[in-house]
Amino acid sequence: MPISSFMGLQTSLRGLLAQQEAMDTTGHNVANANTPGYSRQEAVLAPTQPFVVPANSVLTGAGAQLGTGVDVTTIRRIRDAFLDIQYRAQSTSLGDATARSNSLDQVELAFAEPGSDGLASQLSKFWDAWSDVANAPEDAGARGALVSSAQTLATSFQTLSSQLTTVAQQAQDEYDAITGPTGDVASWAKELAGLNTSIRDAVVRGQQPNDLMDRRDQLIDQLSSLAQVSVTDTGNSALKVDFGGVTLVDPTTPAGYSWPQTLTTPGGKLGALLDLASPAGAPLSFRSELDAVASDLVTSVNALHTATPFFDPAGTTAATISVVATQATVQTGSGAASGENDVAQAITALRGGTTDQLYGALVARVGVAVQANTRAESTAQSLVDAVDSRRQSISGVSLDEEMTNLIRFQRGYQASARTMTTLDDMLDTLINRTGRTGL
Amino acid sequence: MSMRITTMMTSRTTLRDLNDDMGRMSKLQEQLSSGKRITRPSDDPYGASQALALHGQVDGLQQFQRSVADGTGWLNTCDTALGQMGDVLQRVRELVVQGSTDSAGPQARAAAADEIDQLVESVKQEANVRYGSRYVFSGTATDTPPYALGGADTYAGDNGTITREIGPGVQIPINVDVSGLLGDGQGAADGKLLDTLRSISDHLRGSTPADADALRTTDIQRLDANMDVLNGVRADIGARTNRLAVADSRLSALEGNATQLLSNTEDADVAKTIVDYSTQQAAYNAALRAGANIVQSSLLDFLH
């Protein structure tokens, strides 16, 4: 059976078109080489349906299949879903550690130890002032200096206490901002629901919505730093996303997502923020330890300063500690004589006692907490980096590779064009020069 | 198949390494510029709390030294005043010896008696000496002069003890009960210095042989006894001053030790830190050079 003279032209054309599409894909990859979350794409080339030459039409009597060229069957997104799961698990730990780091750094800075602005130094100055009063009990100046040094000390306690409260409050505020109606979770969940719809529609039509899928994966990555996430395919590439123990995005519901909800197992940044804002969290538990220091100071000084209280006996927290003694009511001795200094000496002897020790232990605990968290953060960071590196190794764009592909497809295009030129020459021979013998 | 290395991986790794190097350098730079190994509790939690305790200890030792200095000044004031009293007593003794001889006439004796009355006032004035604004001989009633000049000879202070703390739990009394030396005057007839001086003055003015007798015997004996008491008190003050001097040098030594320990705990070892810093800087420069070379080239550079 004869084959159409023009069939070869069609085959070459398919070659030209397929190489061009592959080059376009390479161009897309190169253009997105630095786009975060982008997965490289690959034009999958496959031979087209062959032309069947029926039986008995060739010499042997058998049939044959004549190749008709190439076609791009799909544009594939190169990505490893297993690495995504690993990345998201590590990203949750990193989100937790980073949120804690921010707060703990502030806590550590608030203490300002060791240094001349810290409470330890104010306490030391307070004992110095008592010692000066013990050396000069008659001197109104020494007593005045004592009272103002005590007031400075009380103010330092109050400032530190309120700074710790602020750190906890900031954690709560940040949690509220992220989970609020205009927060990240709400907007990302809404976008995810929209992407789910678009992706499902495209997949149903037989398309591969690579770039939409990249965007969706990127959003899920971002969610994973806030709380634990897990994803399930509900069919046609529409993903159900579980977030912190509750279902955040569900393509089977009309709205596609549901927020706000109460997270049952937050983890990640949101879990850390909730913990930091709670009374058992680092800032507030350090504050209650500071309260114990203040209470110890008030009790031990007042126990010796018996005539009138030195500190307000009701103010036994760091926030409420206050000096009620004045220059006139500072008690230097147990008797009335102006030169008596036994009370002042007894209070001076409190230096290095339980108050200082409690405070020193508190500072050490703050240091340990910050140090441990810094280590946890750096471990989580290296794990995230390692997984991300693996992921980049699979999905990232390598310019060397793309350039090689570009040359490959360019040569393919050139060769297809050459085939077409040759066929054209052949047809020229057939059409313009055949049957003109003797003319 | 070996791991595929992509463009973004290389640049990210380079950037992360540069960041880490920079972080370590800035930590070392902070240590160098502050001179401290510990600038935050998390640098070394145990060291930081130890540093706080040592700071407190150094402050406490300095305060003890101030107390010692104050106590020494107080005792020196007492000693000077008692020394002046001693001189006065010597003069009184000369007058008594002159006045008790038969050759001294009534007028000369009256003049001596007048001088002794004046000397009583100067003894009381010495007793009223002040350290700062405080009467050192009034016990704890430091705002009251112990004796009223030109008035009664009774002691107006109390017999409280004033102490200075010169070490943890170590207190040393720094005042002297001057009423044990001067007494409450003739009214009390206690045989102490003021009583003795007033009696001498009376006996010099009196012209009976009994008066002259008393001058030669009881008065001079009591005067000598009073001088012994005075010298005893001065010896005691000297001993206490010595104790304070010993305490002072011991406190200085302790402060030196504590400061040394504090420096070992929180100060940066400058030589080591500088070496570390240079090493880190070399690593950073190498990373920069490598980054500049690696990130720049690709196949693109060789295609035409």
> If you scan region A:356-389, which residues turn out to be free of Cβ contacts under 8 Å to residues at least 40 places away in the same chain and touching a Lys or Arg at 6+ places or on another chain (Cβ under 7 Å)?
Replying inline: A:D385
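Tell me, please, whether a residue that is touching a helix residue (DSSP H, G or I) at 6+ places or on another chain (Cβ under 7 Å) and in a loop (DSSP other than H, G, I, E, B) can be found in region A:297-307. I'd like the intermediate steps shown before the answer.
Of all residues in region A:297-307, those touching a helix residue (DSSP H, G or I) at 6+ places or on another chain (Cβ under 7 Å) come to A:297, A:300-301, A:304-305.
In the following step, the residues that additionally are in a loop (DSSP other than H, G, I, E, B) were identified as A:305.
Yes, there is a match, as at least one residue in region A:297-307 is touching a helix residue (DSSP H, G or I) at 6+ places or on another chain (Cβ under 7 Å) and in a loop (DSSP other than H, G, I, E, B).
Per-residue answers, yes or no, for (1) among the polar types (S, T, N, Q); (2) part of a loop (DSSP other than H, G, I, E, B); (3) facing another protein chain (nearest Cβ under 7 Å):
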residue: A:S334; (1), (2), (3): yes, yes, no
residue: A:G339; (1), (2), (3): no, yes, yes
residue: A:V343; (1), (2), (3): no, no, no
residue: A:R351; (1), (2), (3): no, yes, yes
residue: A:L358; (1), (2), (3): no, no, no
residue: A:A361; (1), (2), (3): no, no, yes
>> Step by step: first the residues of region B:48-85, then only those that are closer than 16 Å to B:E165 by Cα and of a type in the set (D, E, K, R), then the one that is surrounded by the most Cβ atoms within 10 Å (Cβ to Cβ). Which residue is that?
In response: B:D59
>> Going by what's in this entry, would B:R109 be described as in a helix (DSSP H, G or I), over 25 Å from B:Y135 (Cα atoms), more than 9 Å from every other protein chain (Cβ to nearest Cβ) and at pLDDT below 90?
In response: yes
> Does at least one position in region A:310-332 carry a residue that is under 30 Å from B:G139 (Cβ atoms), assigned to a loop (DSSP other than H, G, I, E, B) and within 11 Å of chain B (Cβ to nearest Cβ)?
Replying inline: yes
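Residues checked against (1) without any contact (Cβ under 8 Å) to a residue 12 or more places away in the chain; (2) outside any helix (DSSP H, G or I); (3) within 11 Å of chain A (Cβ to nearest Cβ); (4) in contact with a helix residue (DSSP H, G or I) (Cβ under 9 Å, 6 or more places away or on another chain):
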site	(1), (2), (3), (4)
B:M3	yes, yes, yes, yes
B:L18	no, no, no, yes
B:R24	no, no, no, yes
B:Q29	no, no, no, yes
B:Y46	yes, no, yes, yes
B:S49	yes, no, yes, yes
B:G56	yes, no, yes, yes
>> Considering only residues that are within 12 Å of another protein chain (Cβ to nearest Cβ) and of a type in the set (F, W, Y), which ones fall in region B:134-193?
In response: B:Y135, B:F137
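May I ask you to list the residues in region A:157-186 that are under 17 Å from A:V107 (Cα atoms), of a type outside the set (D, E) and surrounded by fewer than 22 Cβ atoms within 10 Å (Cβ to Cβ)? Outline the logic, then answer.
Pass one, region A:157-186, residues under 17 Å from A:V107 (Cα atoms): A:157-174.
Now restrict to residues that are of a type outside the set (D, E): A:157-172.
The answer is A:Q158, A:T159, A:S162, A:Q163, A:T165, A:T166, A:Q169, A:Q170, A:Q172.
B:L230: surrounded by 13 or more Cβ atoms within 10 Å (Cβ to Cβ), more than 14 Å from every other protein chain (Cβ to nearest Cβ), closer than 27 Å to B:T10 by Cα and in contact (Cβ under 8 Å) with a residue 24 or more places away in the chain, yes or no?
Working: surrounded by 13 or more Cβ atoms within 10 Å (Cβ to Cβ): yes; more than 14 Å from every other protein chain (Cβ to nearest Cβ): yes; closer than 27 Å to B:T10 by Cα: no; in contact (Cβ under 8 Å) with a residue 24 or more places away in the chain: yes.
For B:L230, the condition - surrounded by 13 or more Cβ atoms within 10 Å (Cβ to Cβ), more than 14 Å from every other protein chain (Cβ to nearest Cβ), closer than 27 Å to B:T10 by Cα and in contact (Cβ under 8 Å) with a residue 24 or more places away in the chain - is not met.
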> Are any residues in region B:131-160 exposed (fewer than 15 other Cβ atoms within 10 Å of the Cβ) and among the polar types (S, T, N, Q), and if so, which ones?
Replying inline: B:S133, B:N159
>> Being within 9 Å of chain B (Cβ to nearest Cβ) and out of contact with any Leu (no Cβ under 8 Å at 6 or more places or on another chain) is the filter here; which residues of region A:119-172 pass it?
In response: A:S121, A:S124, A:D128, A:S131, A:A134, A:N135, A:A136, A:P137, A:E138, A:D139
> Out of all the residues in region A:430-438, is one or more among the hydrophobic types (A, V, I, L, M, F, W, C), closer than 18 Å to A:R14 by Cα and over 44 Å from the mean Cα position of the chain (by Cα)?
Replying inline: no
> Which condition number does B:N175 fail, the rest of (1) farther than 30 Å from B:A108 by Cα; (2) surrounded by fewer than 18 Cβ atoms within 10 Å (Cβ to Cβ); (3) in contact (Cβ under 8 Å) with a residue 24 or more places away in the chain being met?
Replying inline: (2)
> Mind checking which residues of region B:269-304 are surrounded by 16 or more Cβ atoms within 10 Å (Cβ to Cβ) and either in contact with a strand residue (DSSP E or B) (Cβ under 6 Å, 6 or more places away or on another chain) or of a type in the set (F, W, Y) (or both)?
Replying inline: B:Y277, B:Y284
> So, in region A:105-117, of the ones that are in contact with a helix residue (DSSP H, G or I) (Cβ under 6 Å, 6 or more places away or on another chain) and more than 8 Å from every other protein chain (Cβ to nearest Cβ), which residue ends up surrounded by the most Cβ atoms within 10 Å (Cβ to Cβ)?
Replying inline: A:V107
>> Checking B:S42 against (1) touching a helix residue (DSSP H, G or I) at 6+ places or on another chain (Cβ under 6 Å); (2) more than 30 Å from B:I166 (Cα to Cα); (3) in contact (Cβ under 8 Å) with a residue 12 or more places away in the chain; (4) within 12 Å of chain A (Cβ to nearest Cβ): exactly one of these is not met. Which one?
In response: (3)
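Any residue in region A:382-400 that is over 30 Å from A:R88 (Cα atoms), out of contact with any strand residue (DSSP E or B) (no Cβ under 6 Å at 6 or more places or on another chain), assigned to a helix (DSSP H, G or I) and polar (S, T, N, Q)? Outline the logic, then answer.
Step one: of region A:382-400, the residues over 30 Å from A:R88 (Cα atoms) are none.
No: zero hits.
The values are calculated or read from the model by the stated rules, or taken from the named source; none is laboratory data. None of the values given here were measured: they were computed from a predicted structure. Using ideal geometry, Cβ is built from the backbone for each residue, glycine included, and neighbour counts are taken over all protein chains shown.
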